[in-house]
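Student: Before we start, here is the structure in question, set down as structure tokens.
The values are calculated or read from the model by the stated rules, or taken from the named source; none is laboratory data. Treat the numbers as computed from the prediction; the structure is a model and nothing was measured. Every residue, glycine as well, gets a Cβ built from its backbone with ideal geometry; the counts of neighbours run over all protein chains shown.
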Amino acid sequence: MVVDIDEKSLARFGQWPWPRYRVALLLERLRSLGALTVALDMVFHEADRTSLEILQKEANRDLNIRVDLSKLPKILMDNDLLLAQTLSRGPFVLGYSFVFSDKGQMAPECRLRPLNVVVRKTPDANGRSEFLYRPQDAVCNLKILSDAVSSEGFFNAMKDTDGILRRVPLIMEHNNGFYPSLALAAYIQAYRVSRVVLQTNSVGAETIALDKTIVPVDAKGNLWIHYRGKGKTFDFVSAGDILLNLVPKERIQGRIVFIGSTAAGIGESHAIPQDPLFPGTEVHATVLDNLLRKDFISRPGWTPGMELGVTFVLGIISTLILAWTGAVSSLFIFGGLALGVWLASDWIFQTKGVFISPLFPLVTLTYQFTFLTLLKYRQKERTVKLRTRELAITQEFVIQCLAALAEARDSETSSHIFRCQMYVRALSYQLANSQKFSRLLDHETIDLLCRCAPLHDIGKVGVPDRILFKRDKLTDDEYEEMKRHTTYGRDAIQKAGLKFGRGVSSRFLQFGKEMAYSHHERWDGSGYPEGLEREKIPIIGRIMALADVYDALISKRAYKPAFTHEEAVSFIAKHQGILFDPDVVEAFLKIVEEFRKIALKFPDQAK
């Protein structure tokens, strides 16, 4: 049980630290109530400044007051002497703290009592016990108090790197001696343990035998603490109630008592797996309870191998599962495997007291699922990209075939459509450099424009041969019929879209229709078929209009000779803001040399 110097005790008997005579009264009361052993989770490192002898000297020094206390017995003059006499009469265990620093050797006045420990080594073990914690110094009790008891123990606790207290050292080594923890010292005194054996192997400590009780420890001599739950699982009694004789004898008799504090400011607490504020004194009580019940958590030497094996097997199984199933099915299967690993680990822990960490198997499952899913996604992505590329090539082939069909009906040229495609690409990228068109003409949009460009004259397949092949000037009626090629082109693309719309990009269909229908519209509204003007004309039509006119000017026709490049540029510049979008003409004038190179690279081939 725990005797708690709690808030209620402090309210009744004053702030901590209490005078040592009051601590002596508390210990004497516990002894008289029949406590089997009383361990103090505190250290009395300095002399009690509330002793009458010290108060007498300070009053004389500071206030020049002489207080005659000569008639009082000496023991009442010194609280430490009074506490020492009480300690000498009872089954008490004092606590102290080891210090891990480079201060040097332990202070001469410290009188710590080492354990008589037998060290047994396996044949492959090296050295003696260098693997144990080896402190450099200690904060110990006054010599008069240490001399009064037969047993002392350290109350150091070693938290893991995440700040959680899962294990505590049972033994530390200092100056070639072995020293017990407070809980171990209380157990040894209460049950008169006569033989302590430290079993070691090549890795470090393995077990600590307390007579017939074999305690499994880790390589550094730590006991894995088997907690019983959150704080105050054990019986807690207020120290004030003990001092006021409010606790019946049967509640104390035959029990091992730890004295500590949970009061704010003086009580120590630790974060444990079940509780972020677990009383420090209850840690010692839990360790002692583990020793009494022989209810240990162990990490046998074979557990790392098992963890590695489970991790390896799960890695293979998870790979096969993800290879044979889809991502959703795999997620449920992986979740089931993870839950199974967790439950199996918990069952072994609860029934056998063996801790097999599920961490590595669970981390492996998580990373395996993530990695293999990404790998599978990457493979699918590559397949989709390959199919998309094949589809794009097929689509481009069909477009070029349709464009070639329209071009084949032209008896004089064979490269007009391809050149226009190059012109559209150059103009679009130049326009994309301006703030006005940068968001409208992104890379994907420009790519669609270029792929649609060959379809701008596809409607000519619907124009009668007598008009399309006529070498003389067209009559007004014939010209009206020729102008219908814009409508024929739009309608053809629209009908194809209605039949195959789900398999064809909606933007591609929209761009194709706009380009075929509006590439003869003019900025001032003088074009056809709608007579649109300015921004009412789709940007696609405005770009194609300039490209189409430039190529028509530099190409020889039956009804006109070919213009020079300079003459074509002059014509387009002259009609800026009349026939053509001023912004498109501005972009054209910046790349006229690129137009010239395209025209020279892909000349017409006379039929």
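Student: Can you say whether L170 is crowded, with 21+ Cβ neighbours inside 10 Å and in contact with a helix residue (DSSP H, G or I) (Cβ under 9 Å, 6 or more places away or on another chain), as far as the supplied structure shows?
Tutor: Spelling it out, L170 is indeed crowded, with 21+ Cβ neighbours inside 10 Å and in contact with a helix residue (DSSP H, G or I) (Cβ under 9 Å, 6 or more places away or on another chain).
Student: Still on this model: If I ask for residues that are free of Cβ contacts under 8 Å to residues at least 24 places away in the same chain and more than 58 Å from the chain's Cα centre (by Cα), which ones from region 570-607 would you list?
Tutor: Our first condition is that a residue be free of Cβ contacts under 8 Å to residues at least 24 places away in the same chain; within region 570-607, this holds for 570-571, 573-576, 586, 589, 593, 597, 600-601.
Once the filter is applied, which keeps residues that are free of Cβ contacts under 8 Å to residues at least 24 places away in the same chain and more than 58 Å from the chain's Cα centre (by Cα), region 570-607 yields S570, F571, A573, K574, H575, Q576, L600.
Student: Pull out all pairs, ordered by first then second residue, where Cβ-Cβ is under 7 Å, the residues are six or more apart or on different chains, the first lies in region 1-26 and is touching a residue at least 24 places away in the same chain (Cβ under 8 Å) and under 20 Å from F234 (Cα atoms), and the second is of a type in the set (S, T, N, Q) and surrounded by fewer than 21 Cβ atoms within 10 Å (Cβ to Cβ).
Tutor: Note: pairs meeting the criteria are D4/S238; D6/S238; K8/S238; S9/S238.
Student: Related question: Which residue out of D295, D289 is crowded, with 18+ Cβ neighbours inside 10 Å, out of contact with any strand residue (DSSP E or B) (no Cβ under 8 Å at 6 or more places or on another chain) and acidic (D, E)?
Tutor: Details: D295 fails: crowded, with 18+ Cβ neighbours inside 10 Å.
Criteria check complete, one pass: D289.
Student: Which of the residues belonging to region 195-247 are more than 43 Å from the chain's Cα centre (by Cα), surrounded by 16 or more Cβ atoms within 10 Å (Cβ to Cβ) and part of a strand (DSSP E or B)?
Tutor: V196, L210, V237, S238
Student: A further question follows. From the set of residues in region 534-549 that are among the hydrophobic types (A, V, I, L, M, F, W, C) and in a helix (DSSP H, G or I), which is farthest from the chain's Cα centre (by Cα)? Break it down stepwise before answering.
Tutor: Going residue by residue through region 534-549, those that are among the hydrophobic types (A, V, I, L, M, F, W, C) are 537, 539-540, 543-547, 549.
Remaining after also requiring in a helix (DSSP H, G or I): 539-540, 543-547, 549.
Working: I539: 48, I540: 48, I543: 51, M544: 53, A545: 56, L546: 56, A547: 55, V549: 60 Å.
Top of the filtered list is V549.
Student: Evaluate region 305-324: report whether one residue or more is outside any helix (DSSP H, G or I) and over 30 Å from E28 (Cα atoms).
Tutor: Pass one, region 305-324, residues outside any helix (DSSP H, G or I): none.
No, region 305-324 contains no residue that is outside any helix (DSSP H, G or I) and over 30 Å from E28 (Cα atoms).
Student: Shifting gears a bit: From the list T262, T281, which one is assigned by TED's automatic domain parsing to the domain that holds A11, at pLDDT below 95 and in contact with a Phe, Trp or Tyr (Cβ under 9 Å, 6 or more places away or on another chain)?
Tutor: T262 is the lone residue from the list that is assigned by TED's automatic domain parsing to the domain that holds A11, at pLDDT below 95 and in contact with a Phe, Trp or Tyr (Cβ under 9 Å, 6 or more places away or on another chain).
Student: With respect to G95, is the statement that it is assigned to a loop (DSSP other than H, G, I, E, B) and small (G, A, S) true?
Tutor: Working: assigned to a loop (DSSP other than H, G, I, E, B): no; small (G, A, S): yes.
So G95 does not fit the description; no.
Student: Count, please, the residues in region 38-97 that happen to be of a type in the set (D, E, K, R), touching a residue at least 60 places away in the same chain (Cβ under 8 Å) and surrounded by 15 or more Cβ atoms within 10 Å (Cβ to Cβ).
Tutor: So the answer is 2.
Student: Still on this structure, I have one more. For region 445-477, enumerate the residues that are in contact with a Lys or Arg (Cβ under 8 Å, 6 or more places away or on another chain) and assigned to a loop (DSSP other than H, G, I, E, B).
Tutor: V463, F469 - these are the residues of region 445-477 that are in contact with a Lys or Arg (Cβ under 8 Å, 6 or more places away or on another chain) and assigned to a loop (DSSP other than H, G, I, E, B).
Student: Select from region 269-298 the residues that are within 31 Å of the chain's Cα centre (by Cα) and in a loop (DSSP other than H, G, I, E, B) and write down the one among them that is farthest from D160 (Cα to Cα).
Tutor: Q274
Student: Right, here's the next one. Residue under question is H443, and the condition is that it be of a type outside the set (D, E, K, R) and surrounded by 12 or more Cβ atoms within 10 Å (Cβ to Cβ); does it hold? Explain how you work it out, then say what you get.
Tutor: Details: of a type outside the set (D, E, K, R): yes; surrounded by 12 or more Cβ atoms within 10 Å (Cβ to Cβ): no.
No, not satisfied.
Student: Taking region 7-16, which residues are surrounded by fewer than 17 Cβ atoms within 10 Å (Cβ to Cβ) and in contact with a Lys or Arg (Cβ under 9 Å, 6 or more places away or on another chain)? If you could, list the steps in order and put the result at the bottom.
Tutor: In the first step, residues of region 7-16 are kept if they are surrounded by fewer than 17 Cβ atoms within 10 Å (Cβ to Cβ); the result is 7-8, 11-12, 14-16.
Scanning region 7-16 gives a single hit, G14.
Student: Being more than 30 Å from K556 (Cα to Cα), at pLDDT 55 or above, surrounded by 16 or more Cβ atoms within 10 Å (Cβ to Cβ) and not assigned by TED's automatic domain parsing to the domain that holds R466: is that true of F371 here? Break it down stepwise before answering.
Tutor: On the way: more than 30 Å from K556 (Cα to Cα): yes; at pLDDT 55 or above: yes; surrounded by 16 or more Cβ atoms within 10 Å (Cβ to Cβ): no; not assigned by TED's automatic domain parsing to the domain that holds R466: yes.
Here the answer is no, as F371 does not meet what is asked.
Student: Separate question: Conditions: (1) modelled with pLDDT of 95 or more; (2) assigned to a strand (DSSP E or B). T86 meets all but one. Number of the miss?
Tutor: (2)
Student: Same structure again: Within region 38-74, track down each residue that is among the polar types (S, T, N, Q) and within 28 Å of H284 (Cβ to Cβ). Spell out how you get there, then give the answer.
Tutor: Here is the first cut: in region 38-74, the residues among the polar types (S, T, N, Q) are 50-51, 56, 60, 64, 70.
Within region 38-74, just T50 meets the criteria.
Student: Just one of (1) without any contact (Cβ under 8 Å) to a residue 12 or more places away in the chain; (2) within 18 Å of L132 (Cα to Cα) trips up E250, so point out which.
Tutor: So E250 meets the others, but not (2).
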